Amino acid sequence: MTFLKLIIKEISYRKLNFWLSILSAAVAAGCLIGALTFLRAHKLRTEEIIDRKEIETKKRVIKLEDDYRKITKKMGFNVLILPKDQNLNDFYADDFASKYMPENYVHKLANSKIVTIRHLLPSLQQKLKWPEKKRTIILIGTRGEVPNVFKSPLKPLVQPVNPGEIVLGHELHSSLNISIGEVVTLLGKSFKVSKLHRERGNKDDITAWINLKEAQILLKKENKINAILALECKCAWAGLAKVRDEISEILPDTQTLESHGKALARAEARDRAAKEAVAALDAVKHHRAVMLAEQKDFVSTLVPAVIFVCAVWIGVLAFGNSRDRRYEIGVLRALGVSSKNIFFLFLTKAALIGFAGAVLGCCAGFFAGMLIVSDKSQTVSLFALFQPNALILTLAGATILSVTATWLPALSAARQDPAEILRKE
Amino acid sequence: MLQLTNIKKSFRKKNDVVNVIDNFSLTVDEGKFIAVQGASGSGKTTLLLMIGTLLTPDNGTVLINGTDPYSLNPEVRANFRAQNIGFVFQQFYLLPYLTVLENVLTSNLVFKKANAKEKALKLLQHLNLEHRLTHLPSELSVGERQRTALARAVLNQPKLILADEPTGNLDAENGAVILDYFKKYAAKGNYVLMVTHSKHAAETADRIEVLDGK
Ligand SMILES: Nc1ncnc2c1ncn2[C@@H]1O[C@H](COP(=O)(O)OP(=O)(O)O)[C@@H](O)[C@H]1O
Ligand SMILES: [Mg+2]
């Protein structure tokens, strides 16, 4: 006869107590492994969703780019309107027009019935030395779009720069280490940096944009501009010649050139599409993270509560068991079993209960977690869900839990006075 | 030799102190079957548990073959008990979930002896229980239960058998079997000490000590 055999015999005799204890351990273990499996499933599912979204987004960006390419192609080109007496050699050499025209030219154009151009952008441009930073820059004063009165208002393609603000091209802000919100001085006037452009690989990179009115004052060219950019000229059917004709009719002392606008428009379009896609992806990620945090919150209160209740249950059942076994304890002590042995007898039984319960609970919890997942996803596989560490943690945890919960009952059983028990008639 | 010298035991009952055993001395020689007879409440069980190393006397010494069990630490004393003392109780105290054979073998839990199973089988045969080996206590008659308890008590051939009203729940015939066994067991050079209120049972012993209590 061994103690282990004694334990097993006793277990099979007092089945109800044993199975109730096992059940408690199983509930605790199942709850833990279920929660772990569920959280893991959520993580895998999130990865799956985000992967899919990313692929979708990429496809969408490509499609968008293509759409924009087609659209801009249909648009034909953008044109630049300069004063008539501007020498084009100088213009191309200097990157800006050295001749000026009245600012109200743009209003004339806007108020005309011209159909071939839209989005009028007047500007005052000059290449100059930024005295405070000792850099050559192109300074552009811009006031945003001048609406064409005969057309339905369109969403502006280019935002105006507010007074007191400055927008910097990539080369400028990156080499001078300037960030948004900083205040810089230009020609003795302070500007707050409101926007920084990404690299475009053209003269925009060394350009600074400010409000048109302020540029006119700084450059002493009140009410003057030296270029009007007309974007999205819908004149694929007409060509540049027709646009030129129309413009020169309204503004006789100007000349019209084709501008680089196509590439710019396309870059901006692509930029916008990509930003939108990234934002959508971020929204999904954020949503999943919030969900996970909520679930973790829930799990981290529920699981310990359940485990605690189960531990109390195991302890209560062990107390009941030790009471049922009073006479047994008395006679075992008379047979020379020490109180230490009695203590370990109860703890060994508790360990068996904890382990067996954990095995049951793991099976149940694992399948429960899986059912919840498989409901929502076919791609998260059983193998991916299986976490050996969680399993070991649960098996060991439930065993320790059961032993700990039985500690006091076992101690009380071990401390029972055999004389007290055996003297009863 | 089993030797009790000036054993004293009292219990505190609320504010009263009850002297259950007062200056009790007794010497038992090897080979003797001793009966301690006394009325109910005279302290027989208390005395038996003190000899059985389960209840520390307030005063006096217990010597079992020259060993004072109360000088041993609890762990060693439990071992000593397993080796040297067998108990038989009025209520048998068999483990309800073990068969007859397994119950007898519980004596082997702590004090492992070779061939325990063969010895148990032989004993059970001797006690007319060979047809009951795999039965649970609940399936036995009271006589069979007490014979199982007896087999358990003597499995390790302890020097000392302590019996508390062993025939209290038995009819005369079954009681006689137990008493007869005690006599023979003692005669092999052991000590058997039985406490009983029954004059009839006590008379089968080699010697009767009377415990008058108080
Ligand atoms: N632990 C105890 N606490 C208080 N009183 C006790 C205790 N053990 C025994 N007694 C008292 O001691 C007396 C003797 O008890 P016991 O030895 O069982 O007598 P017997 O076995 O002869 O019937 C009784 O009056 C009993 O109530
Ligand atoms: Mg008694």
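The values are calculated or read from the model by the stated rules, or taken from the named source; none is laboratory data. On a predicted model such as this, the values are computed, not experimentally measured, just so you know. Virtual Cβ from ideal backbone geometry, glycine too; neighbours counted across all protein chains shown. Remember, those area values only see protein heavy atoms, side chains included, never the ligands or the DNA or RNA. Shrake-Rupley method; radii C 1.70, N 1.55, O 1.52, S 1.80 Å.
What the table shows:
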quantity	calculated
Subset of the stretch B:7-21 that is away from ligand 1 (no atom under 12 Å from the Cβ) and either closer than 26 Å to B:Ala186 by Cβ or at pLDDT 90 or above (or both) - its residue that is farthest from the chain's Cα centre (by Cα)	B:Lys8
Complete set of residues in the stretch B:130-140 that are in contact (Cβ under 8 Å) with a residue 12 or more places away in the chain and either closer than 17 Å to B:Asn174 by Cα or not in a helix (DSSP H, G or I) (or both)	B:Arg132, B:Leu133, B:Thr134, B:His135, B:Leu136, B:Pro137, B:Leu140
Residue check for B:Leu4: part of a helix (DSSP H, G or I) and within 15 Å of B:Tyr191 (Cα to Cα)	no
Top-ranked residue of the stretch B:165-210 - restricted to ones that are β-branched (Val, Ile, Thr) and closer than 13 Å to B:Val88 by Cα, ranked as nearest to ligand 2 (Cβ to nearest atom)	B:Val195
Candidates B:Lys112, B:Lys188, B:Lys184, B:Lys119 - the one that is open to solvent by 60 Å² or more (accessible area, probe 1.4 Å) and within 23 Å of A:Pro418 (Cα to Cα)	B:Lys112
Scan of the stretch B:120-129 for residues that are of a type in the set (S, T, N, Q) and in a helix (DSSP H, G or I), ordered by number	B:Gln125
Selection count where residues are more than 12 Å from ligand 1 (Cβ to nearest atom) and β-branched (Val, Ile, Thr), scope the stretch B:29-40	1
Subset of the stretch B:150-181 (residues that are assigned to a loop (DSSP other than H, G, I, E, B), buried (at least 21 other Cβ atoms within 10 Å of the Cβ) and either among the β-branched types (Val, Ile, Thr) or within 16 Å of ligand 1 (Cβ to nearest atom) (or both))	B:Glu165, B:Pro166, B:Thr167
Residues within the stretch A:9-64 that are touching a residue at least 40 places away in the same chain (Cβ under 8 Å) and within 14 Å of another protein chain (Cβ to nearest Cβ), tallied	5
Number of positions in the stretch B:191-204 that are more than 14 Å from chain A (Cβ to nearest Cβ), open to solvent by less than 10 Å² (accessible area, probe 1.4 Å) and within 11 Å of B:Ala35 (Cβ to Cβ)	5
Residues (open to solvent by less than 30 Å² (accessible area, probe 1.4 Å) and charged (D, E, K, R)) located in the stretch A:281-340	A:Arg288, A:Arg325, A:Glu328
When residues of the stretch B:17-38 are limited to those that are touching a Gly at 6+ places or on another chain (Cβ under 7 Å) and part of a loop (DSSP other than H, G, I, E, B), the one farthest from B:Asp180 (Cα to Cα)	B:Glu30
Residue list for the stretch B:83-118, filter: of a type in the set (Asp, Glu) and more than 7 Å from chain A (Cβ to nearest Cβ)	B:Glu118
Meets criteria (modelled with pLDDT of 95 or more, surrounded by fewer than 19 Cβ atoms within 10 Å (Cβ to Cβ) and within 14 Å of another protein chain (Cβ to nearest Cβ)) for B:Phe80	yes
Among the residues listed as A:Ile329, A:Ile307, the single one being within 14 Å of chain B (Cβ to nearest Cβ) and either assigned to a helix (DSSP H, G or I) or modelled with pLDDT of 90 or more (or both)	A:Ile329
Filter pass, A:Phe343 being in a helix (DSSP H, G or I) and within 14 Å of chain B (Cβ to nearest Cβ)	yes
Among (1) open to solvent by less than 10 Å² (accessible area, probe 1.4 Å); (2) within 16 Å of ligand 2 (Cβ to nearest atom); (3) farther than 14 Å from B:Leu211 by Cα, the one test that B:Ala35 misses	(3)
Members of the stretch B:42-77 that are within 7 Å of another protein chain (Cβ to nearest Cβ), open to solvent by 10 Å² or more (accessible area, probe 1.4 Å) and in contact with an Asp or Glu (Cβ under 9 Å, 6 or more places away or on another chain)	B:Thr45, B:Leu54, B:Leu55
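Residue by residue, here is whether (1) away from ligand 1 (no atom under 16 Å from the Cβ); (2) within 14 Å of B:Ala153 (Cα to Cα); (3) in a loop (DSSP other than H, G, I, E, B) holds:
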residue: B:Ser42; (1), (2), (3): no, no, yes
residue: B:Thr45; (1), (2), (3): no, no, no
residue: B:Pro57; (1), (2), (3): no, no, yes
residue: B:Arg77; (1), (2), (3): yes, no, no
